[in-house]
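A short worksheet on the structure shown next.
The values are calculated or read from the model by the stated rules, or taken from the named source; none is laboratory data. In this text the structure is predicted, and so the values were computed from the model without any measurement. Neighbour counts run over all protein chains shown; Cβ positions are idealised from the backbone, glycine included.
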Amino acid sequence: MRSEMGRNTSSRSFRSTLRSVIGIGAVSALLIGGAAVLAASPASAATATLSFSGVPGTGTAGVALTSFDVNITAGGTATDSITISSTCNLGGTLTEVASSSTATFPNVIINSATSCTLTATDTTSGGTTTSGSITVSSGPEAKIVYTTVPPTKATFSVALTSFSVSVEDASGNVKTSGAGATDTIVISTATAGCALGGTLSEVAAAGVATFTTVDITTGTNCTLTATDSTDGSLPAIVSAAISVATTTPTLVAFTPEPPATAAAGTALTTFAVSVEESNGVVITSGIGATDTVSLTSACKLGGTLSAAALAGVATFSAATIDSAGSCTLIATDSTRALTTATSTPATVVTAGAATQVVFTVKPPASVTTTGTALTSFAVSVEDAFGNVEATGTGATDIVTISSTCTLGGTASASAVAGVATFTALTFTETGSCVLTATDTTRTLTTATATIAVGQPQATLSITTKLGYRDSPLTLATSGGSGTGAVTYSVVNGTATGCLITGNALSATSAGTCIVTAAKAAATPYAPAISAATTVTISSAPKAIRVVGQVWNAQTRTVTITGYNFYGRPTIKSNVAGFSVKVTHDTGKTLTVIVKVTGASKVGVHVMTLTFANGDKTSVKYSLH
């Protein structure tokens, strides 16, 4: 027993010693004829240590490098898989399996003409190594390429924006030196009806020919063909079609568009509108480059809505959309008639904080008898920009109606989605009665409306419907009843700056103004409102009268008064021997020298004034 134990102890000691000496992971022993026979169990392979050998210092783009090896110098196994990578563009066979700890790479291709290094990675056991630098030259010239492409839009006889053509090898490397680096490139066009001007031939510098003065003199959609006249074997290349237009302004366009989202009443992030040719080229100088651009919308707008273009671009940085919802803007050139532009929709946030109540469905302007329920009307809870508080604070507020006259019926209602509706209000007395709507849930600005309780007036109509831009138009009405005063209100139609001062209408541009007349209540009549009436404001010239006397067989200086005169018109009359010379105009007066020769019939005659654009106007005068 002791002898057996001694043998076991001796065996364990030997195995331990052997492990420490040879560094193997496990040892097993067999006793054969009393002697210990040891067998080693293999350990897990360690991370590989790699090295390159035979890597060339130079190469040619697109051509396989001379063969090189990657060696597994420690760790790993003798048959690990090795992969080659690089920050340069590689091709060829990039993965090889090692044999006897060496992987040979005979077909690695570098396509980039530059200085490159290779990285070898052991994808079986891990571990990497990086080669020294390899200088790669471009291959033989194989093609020409538009490296900076010609523009797709152009103006007749104006140099295209700069573009370039490079001479390249098959892998896309520019021929910066050697054959191809100084080839001559020629630009032409094969498009029917197109012709080119400017410098059409350039010698490449370091493989790149740059063209800065090429222009298109005729044609509409023209392509450019580039040819290497030094090496005729290289295929020609053709550009995309170039749309060509004159420098005539044709349209406006949003460049860039207004923002896709916005807050009601808050200035939109800056956007621009450009004045452009028919093909979208911006008019940077000449006619149109300083036009004024204006914004309109079906939505309520605020802020600065008009801007003068600078080099063809009008910039807007203080326009607001005050309506909640989805809105589009329309840009119009207000200097000349061009095609307008419509923006993509801008989604506006919901209403802001409640500030006011408003009669959104007005009460009736009058009722003929007391005790009769008023037709339904509504009061909305709104923000400062007139957006109804459809949700959130204010949407369910209680609104109460009070009046200077005694009311009957239901005078209080809870809002639904921001709107309180009244259907059962009556008056118990006659007169001119003011209704006041008040939000009794919170303190907001109130709203008022006036109702006349009494007999209706005769139909009230506006009778003056034509005026002139340079002179206020005195408005007049017909119809109505009683002694109540007549007042007027106006909104812009197609004209701008429509304004009522007393009973005079004026506008800052030609177009239409929409005018409404109101005749106040006077016992026993309720107030009367006319239909909204379109009043045209003309910019055409209008002669009013001749100041001074015209005598037969004499030469006299007289003055013709009117509106919107411009330049010096030709003036003719329906009498024999009549001649006239315009000596001065102020826009509202013309000073003329009139000469009448021969025996003409005295009495009232007509002068006809014809202006340079064909506008005409006539005025009566007396011949003495």
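General remarks:
- Leading residue by the ranking (nearest to Asn221 (Cα to Cα)) among those in the range 177-193 that are in contact with a Gly (Cβ under 7 Å, 6 or more places away or on another chain) and touching a residue at least 40 places away in the same chain (Cβ under 8 Å): Thr191
- Count of the range 198-220 residues which are loosely packed, with under 15 Cβ neighbours inside 10 Å and of a type outside the set (A, V, I, L, M, F, W, C): 6
- Verdict on Ser285 being assigned to a loop (DSSP other than H, G, I, E, B) and either surrounded by fewer than 21 Cβ atoms within 10 Å (Cβ to Cβ) or assigned by TED's automatic domain parsing to the domain that holds Gly180 (or both): yes
- None of Ile571, Ile560, Ile593 is out of contact with any Gly (no Cβ under 7 Å at 6 or more places or on another chain), of a type outside the set (Ser, Thr, Tyr) and surrounded by fewer than 16 Cβ atoms within 10 Å (Cβ to Cβ) except Ile593.
- Against the test of being of a type in the set (Val, Ile, Thr) and over 30 Å from Leu301 (Cα atoms), the options Thr350, Thr375, Thr342 yield a single qualifying residue, Thr375.
- Here the range 545-570 is the region considered, the condition is being in a loop (DSSP other than H, G, I, E, B), modelled with pLDDT of 90 or more and in contact with a strand residue (DSSP E or B) (Cβ under 6 Å, 6 or more places away or on another chain), and the residue that is farthest from Leu466 (Cα to Cα) is Gly548.
- Contact map, the range 417-433: residues that are of a type in the set (A, V, I, L, M) paired with residues that are exposed (fewer than 13 other Cβ atoms within 10 Å of the Cβ) and not in a loop (DSSP other than H, G, I, E, B), Cβ distance under 7 Å, separation 6+ or inter-chain. Pairs shown: Ala420/Ser414.
- Restricting attention to the range 218-231, the residues that are under 14 Å from Ile187 (Cα atoms) and of a type outside the set (Asp, Glu) total 8.
- In the range 166-196, the residues that are outside any loop (DSSP other than H, G, I, E, B) and among the aliphatic types (A, V, I, L, M): Val167, Val174, Ile185, Val186, Ile187, Ala195, Leu196
- Consider the range 387-404 and keep the residues that are surrounded by fewer than 17 Cβ atoms within 10 Å (Cβ to Cβ) and assigned to a loop (DSSP other than H, G, I, E, B). The one that is nearest to the chain's Cα centre (by Cα) is Thr391.
- Selection from the range 436-460 of residues that are surrounded by 15 or more Cβ atoms within 10 Å (Cβ to Cβ), hydroxyl-bearing (Ser, Thr, Tyr) and in a strand (DSSP E or B): Thr438, Thr450
- Pair list, Cβ under 7 Å, 6 or more apart: the range 263-289 residue without any contact (Cβ under 8 Å) to a residue 40 or more places away in the chain, other residue of a type in the set (D, E, K, R): Val282/Glu276; Ile283/Glu276; Ile283/Glu277
- Residues that are farther than 13 Å from Thr350 by Cα and part of a strand (DSSP E or B) within the range 307-331 comprise Ala307, Ala308, Leu310, Val313, Ala314, Thr315, Phe316, Ala319, Thr320, Ile330, Ala331, listed in sequence order.
- For the range 337-352, the condition holds for at least one residue, the condition being that it is at pLDDT 90 or above and either over 19 Å from the mean Cα position of the chain (by Cα) or within 30 Å of Ser403 (Cα to Cα) (or both).
- Condition broken by Leu329, with the remaining ones in (1) over 30 Å from Thr250 (Cα atoms); (2) surrounded by 14 or more Cβ atoms within 10 Å (Cβ to Cβ) satisfied: (1)
- Leading residue by the ranking (farthest from the chain's Cα centre (by Cα)) among those in the range 482-502 that are over 29 Å from Leu305 (Cβ atoms) and surrounded by fewer than 18 Cβ atoms within 10 Å (Cβ to Cβ): Thr483
- Residue within the range 114-122 that is within 30 Å of Gly54 (Cβ to Cβ), out of contact with any Asp or Glu (no Cβ under 8 Å at 6 or more places or on another chain) and of a type in the set (D, E, K, R) present: no
- The set of residues from the range 416-440 being of a type outside the set (Val, Ile, Thr) and at pLDDT 95 or above comprises Ala417, Gly418, Ala420, Phe422, Leu435, Ala437, Asp439.
- Considering the range 118-165, the residues that are of a type in the set (S, T, N, Q), more than 47 Å from the chain's Cα centre (by Cα) and not in a strand (DSSP E or B) include one that is farthest from Cys222 (Cα to Cα), namely Ser125.
- In the range 405-415, of all residues being in a strand (DSSP E or B) and modelled with pLDDT under 95, the one that is farthest from Val434 (Cα to Cα) corresponds to Gly409.
- Ala272 vs. criteria surrounded by fewer than 17 Cβ atoms within 10 Å (Cβ to Cβ) and either within 29 Å of the chain's Cα centre (by Cα) or not hydroxyl-bearing (Ser, Thr, Tyr) (or both): no
- Of all residues making up the range 375-384, the number that are at pLDDT below 95 and surrounded by fewer than 20 Cβ atoms within 10 Å (Cβ to Cβ): 2
- The single condition among (1) over 45 Å from the mean Cα position of the chain (by Cα); (2) outside any strand (DSSP E or B) that Ala531 does not satisfy is (1).
Here's the yes/no breakdown for (1) without any contact (Cβ under 8 Å) to a residue 12 or more places away in the chain; (2) in a loop (DSSP other than H, G, I, E, B); (3) of a type in the set (S, T, N, Q):
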| residue | (1), (2), (3) |
| --- | --- |
| Thr360 | no, no, yes |
| Gly371 | no, yes, no |
| Val379 | no, no, no |
| Ala384 | no, yes, no |
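- With respect to (1) surrounded by fewer than 18 Cβ atoms within 10 Å (Cβ to Cβ); (2) more than 30 Å from Thr332 (Cα to Cα); (3) polar (S, T, N, Q), the lone exception for Thr161 is condition (2).
- Filter result for Thr533 (buried (at least 16 other Cβ atoms within 10 Å of the Cβ), within 30 Å of Thr368 (Cα to Cα) and not assigned by TED's automatic domain parsing to the domain that holds Gly431): yes
- Meets criteria (touching a strand residue (DSSP E or B) at 6+ places or on another chain (Cβ under 9 Å) and outside any strand (DSSP E or B)) for Ala226: no
- Only a single item in (1) farther than 30 Å from Ala337 by Cα; (2) part of a loop (DSSP other than H, G, I, E, B) is not met by Thr487, and it is number (2).
- Scan the range 290-306 for residues that are free of Cβ contacts under 8 Å to residues at least 60 places away in the same chain and assigned to a loop (DSSP other than H, G, I, E, B) and the total you get is 7.
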